[in-house]
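The values are calculated or read from the model by the stated rules, or taken from the named source; none is laboratory data. Quick caveat: nothing in here was measured; it's all calculated off a predicted structure. Note that each Cβ is placed from the backbone with ideal geometry, even for glycine, and that neighbours are counted across all protein chains shown.
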Amino acid sequence: MAPQVERKLENVTPLRDVSYGARPSRLRLLAPLRYLAISSPEKTRYDFYYPLGFGVAAWIVYWALTPDIPLFGDGGLLRFARDLLIMAVPFLFSALAVVATGLPGPHFEERLRGVNLVMDGRPLTLRKFIAYLLGYLSFLGSVELGAVVLAQLVHSDVAKWASVHGTWVKIAVEGTGTLAFSILSSALVVTVLWSLYFLTDVANNTDA
């Protein structure tokens with residue numbers, strides 16, 4: 001390697017470990033979850049309490065309905081969820097790329113007015129918070145899309161295995177899977193609705 005190239009490589013800053021919001025970690029693939037470490041007086045309710053409550057409520061309603069709502073097949077819930085996520089996830093990634101790589105306008109470099117959003121004791125600028133928000137939504141959407149596709153691929157084999165081991169095993173597998181899907185979907189929907197409120201109201205707040 002040429003000496004000039006070696007000197008340039010010596011000056012390159014390596015990727016930093018994920019450190020915001022918790023102890024230092026090398027789990028860079030989980031960096032979007034740092035959004036959950038952002039503190040705000042009401043944000044915790046929309047990050048944890050509402051998604052969990054709505055998810056469990058939707059799961060109870062699903063099991064209470066007669067006849068059962070189908071999960072698999074052309075008219076199943078997972079088919080509709082997959083089609084929706086296939087459109088939503090690329091859009092979220094594109095929006096994140098625009099914000100993270102330099103959306104023009106000095107307003108995005110200012111601290112938010114009328115709201116206190118803090119990470120590690122430091123208030124966030126509008127750009128940084130929106131980047132964390134879109135990153136978290138992209139992460140949730142990608143995980144759910146992957147889980148839906150995986151469930152459709154292994155459904156037949158898992159159903160055969162559960163049937164061999166008895167009715168209660170089959171109920172436990174279906175109950176656990178539908179509960180996880182319900183909570184994950186609820187987290188995605190609640191965060192999307194909260195982001196709509198934030199971007200249409202809070203982000204454009206002109207009060208000092």
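Residue under question is residue 131, and the condition is that it be small (Gly, Ala, Ser) and under 19 Å from residue 192 (Cα atoms); does it hold? Taking the combined requirement at face value, the residue satisfies it.
Among the residues of segment 148-171, those that are under 26 Å from the mean Cα position of the chain (by Cα) and surrounded by 13 or more Cβ atoms within 10 Å (Cβ to Cβ) comprise 148, 149, 151, 152, 155. If the condition is being more than 12 Å from residue 29 (Cα to Cα) and among the hydrophobic types (A, V, I, L, M, F, W, C), then segment 130-142 contributes 130, 131, 133, 134, 137, 140.
Figure legend. Inter-residue proximity from segment 43-57: first residues within 13 Å of residue 194 (Cα to Cα), second residues modelled with pLDDT of 95 or more and assigned to a helix (DSSP H, G or I), beta-carbon distance below 6 Å, spacing 6+ or different chains. Indicated pairs: 46/190; 50/190; 51/186; 51/187; 51/190.
Filter segment 61-93 for residues that are small (Gly, Ala, Ser) and assigned to a helix (DSSP H, G or I) and give the result. Once the filter is applied, which keeps residues that are small (Gly, Ala, Ser) and assigned to a helix (DSSP H, G or I), segment 61-93 yields 64, 81, 88. All of 145, 193 fail the test of being within 21 Å of residue 62 (Cβ to Cβ), surrounded by 11 or more Cβ atoms within 10 Å (Cβ to Cβ) and at pLDDT 95 or above, apart from 145.
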